[in-house]
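The values are calculated or read from the model by the stated rules, or taken from the named source; none is laboratory data. A quick note: this is a predicted structure, and the numbers were derived from the prediction, not measured. All Cβ positions, even for glycine, are placed from backbone atoms using ideal geometry, and neighbour counts span all protein chains on display. Areas reflect the complete protein model, heavy atoms only, side chains present, ligands, DNA and RNA absent. Shrake-Rupley method; radii C 1.70, N 1.55, O 1.52, S 1.80 Å.
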Amino acid sequence: MDFERARFNMIEQQIRPWDVLDQDVLDLLGAVKREDFVPTAYRSLAFTDMDIPLPCGESMLSPKLEARMLQELAVRKHEWVLEVGTGSGYGTALLGHRCAHAVSLEIHPELAEMAQHKLRQAAVMNVTVRCMDASKELPPGEFDAIMLSGSVAQIPEALVARLKPGGRLLTIVGDAPMMRAQLLTRTGPKESKVVDLFDTVAPRLHGFPESPRFRF
């Protein structure tokens, strides 16, 4: 299989037409080897417009959705980032190339170990993968940006509380068959604003409840 041709077609036929126009993001998608983060059995499908199965009943988001989310979060080189849902580590690698440091939380030990291995192989050294249920606990500190690599019923308030002033949180909110990507910006100690970005569907992040009264 000609991976470079497939990568080029993915960017030009799937990602760019889906309003991903940030050239830095497009260049990064061309540089990070998506096929190296896909399970061997599905490597030939690495560039197709679909979610790819992962161990533990999880899945790798489609290329265009990962690219669009990366663009909308607009991470900068000096920023510290928290990711919820490491999965294969591909999205983590993309974030690592954009930020100062990323902490990624994965609920499944098998996936956390797999992602750590793939990130080391890809020489992405500024990320830390932790096996942790983000619906129950979070690492210490505040973050400039938070990415939820899956969907939730509501934006968890405990994660909003971990944003620095002016920090952003990007996730997909709602219930199938219609969900919506939302970007939350923390504007004050207890204030924030939410912008609806685009309609999509993504697998639910394990552990996060449906109740809007969710608290830590």
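For the stretch 80-133, list the strands (runs of 3 or more DSSP E) that sit wholly inside it and hold at least 2 residues that are open to solvent by 10 Å² or more (accessible area, probe 1.4 Å) and more than 18 Å from Val25 (Cβ to Cβ); which are they?
Per the criteria, 101-106, 127-131.
Please work out which one of (1) more than 26 Å from Phe143 (Cα to Cα); (2) in contact (Cβ under 8 Å) with a residue 40 or more places away in the chain; (3) open to solvent by less than 10 Å² (accessible area, probe 1.4 Å) is the condition Phe47 fails and give its number.
Checking Phe47 against (1) more than 26 Å from Phe143 (Cα to Cα); (2) in contact (Cβ under 8 Å) with a residue 40 or more places away in the chain; (3) open to solvent by less than 10 Å² (accessible area, probe 1.4 Å), the one that fails is (3).
Just a yes or no: is a residue in the stretch 165-176 closer than 21 Å to Pro53 by Cα and open to solvent by 30 Å² or more (accessible area, probe 1.4 Å)?
yes
Could you grab the pairs with beta carbons closer than 9 Å, sequence gap of 6+ or different chains, first residue in the stretch 51-70 and of a type in the set (S, T, N, Q), second one in a helix (DSSP H, G or I) and surrounded by fewer than 21 Cβ atoms within 10 Å (Cβ to Cβ)?
Cβ pairs passing all conditions: Ser62/Gln14.
For a quick check of your reading of the model, give me the residue pairs whose first member lies in the stretch 200-216 and is among the small types (Gly, Ala, Ser), whose second is open to solvent by less than 50 Å² (accessible area, probe 1.4 Å) and modelled with pLDDT of 50 or more, with beta-carbon atoms closer than 6 Å and at least 6 apart or on different chains.
Ala202/Gly150; Ala202/Ser151; Ala202/Ile172; Gly207/Asp133; Gly207/Ser135
Residue by residue through the stretch 53-72, note down the ones that are among the hydroxyl-bearing types (Ser, Thr, Tyr) and open to solvent by 30 Å² or more (accessible area, probe 1.4 Å). Steps first, please.
Applying the first criterion (among the hydroxyl-bearing types (Ser, Thr, Tyr)) to the stretch 53-72 yields 59, 62.
The one that is among the hydroxyl-bearing types (Ser, Thr, Tyr) and open to solvent by 30 Å² or more (accessible area, probe 1.4 Å): Ser59.
Kindly list, by first and then second residue, each pair from a residue in the stretch 121-135 that is closer than 21 Å to Glu79 by Cα and free of Cβ contacts under 8 Å to residues at least 60 places away in the same chain to a residue that is open to solvent by 50 Å² or more (accessible area, probe 1.4 Å) and not aliphatic (A, V, I, L, M), limited to pairs with Cβ atoms under 8 Å and residues at least 6 apart or on different chains.
Going by the 8 Å Cβ cut-off, the qualifying pairs are Val124/His97; Val129/Gln116.
Take Val75 and decide whether it is modelled with pLDDT of 95 or more, more than 25 Å from Phe3 (Cβ to Cβ) and either surrounded by 20 or more Cβ atoms within 10 Å (Cβ to Cβ) or among the aromatic types (Phe, Trp, Tyr) (or both). Steps first, please.
Numbers: modelled with pLDDT of 95 or more: yes; more than 25 Å from Phe3 (Cβ to Cβ): yes; either surrounded by 20 or more Cβ atoms within 10 Å (Cβ to Cβ) or among the aromatic types (Phe, Trp, Tyr) (or both): yes.
Judged against the criteria, Val75 is a match.
Just checking, how many residues over the stretch 56-79 are assigned to a loop (DSSP other than H, G, I, E, B), acidic (Asp, Glu) and under 27 Å from Thr40 (Cα atoms)?
Total meeting the criteria: 1.
Which ones in the stretch 159-186 are at pLDDT below 95 and either outside any strand (DSSP E or B) or of a type in the set (Asp, Glu) (or both)?
Matches in the stretch 159-186: Asp175, Ala176, Pro177.
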